[in-house]
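The values are calculated or read from the model by the stated rules, or taken from the named source; none is laboratory data. Quick caveat: nothing in here was measured; it's all calculated off a predicted structure. FYI the Cβ positions are ideal-geometry reconstructions off the backbone, even for glycines, and counts take in every protein chain you see.
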Amino acid sequence: MTNKISRRTIAAGAWTIPVLAVSAPAPAFAASALICSPTAECKQPGDGSNDKDYRIRTNCLSTGGAIVSVSVRDKHEAWVPAADQGDGTWLASGLDDSRRSRMVQITDGSGQVSETIIDFPPC
């Protein structure tokens, strides 16, 4: 009895090697990280007597792209979006001044979110 390897068997085996090579890097792209240490610049006067503007420096390392949004919790626990100032800071306006510590939420381009409580000193 002769054991022959057919061309069909060799061709089928040749396709498995490229599939493994292509699928191996996929987990590296799937794992993105967002690590932030935001700092507060200060509580600046706002439009009303109790309203303040909060300036935040994100200080983030992100494998998922640039920071796309920053929000700050208000006294009603709603998220107030901050505006990108183009200088590495974000400004959340019109927040009630009754709290010095506030939750800050930072989101990068891949949708990764970092939430941190930070203190806002007066200007």
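Checked across the stretch 92-100, the condition of being surrounded by fewer than 17 Cβ atoms within 10 Å (Cβ to Cβ), assigned to a strand (DSSP E or B) and more than 17 Å from the chain's Cα centre (by Cα) holds for at least one residue. For the stretch 65-123, the set of residues classified as of a type in the set (Lys, Arg) and under 25 Å from Ala33 (Cα atoms) consists of Arg73, Arg102, listed by residue number. For the stretch 44-59, the candidate set comprises residues that are more than 15 Å from Ala83 (Cα to Cα) and at pLDDT below 85; within that set, the residue that is surrounded by the fewest Cβ atoms within 10 Å (Cβ to Cβ) is Ser49.
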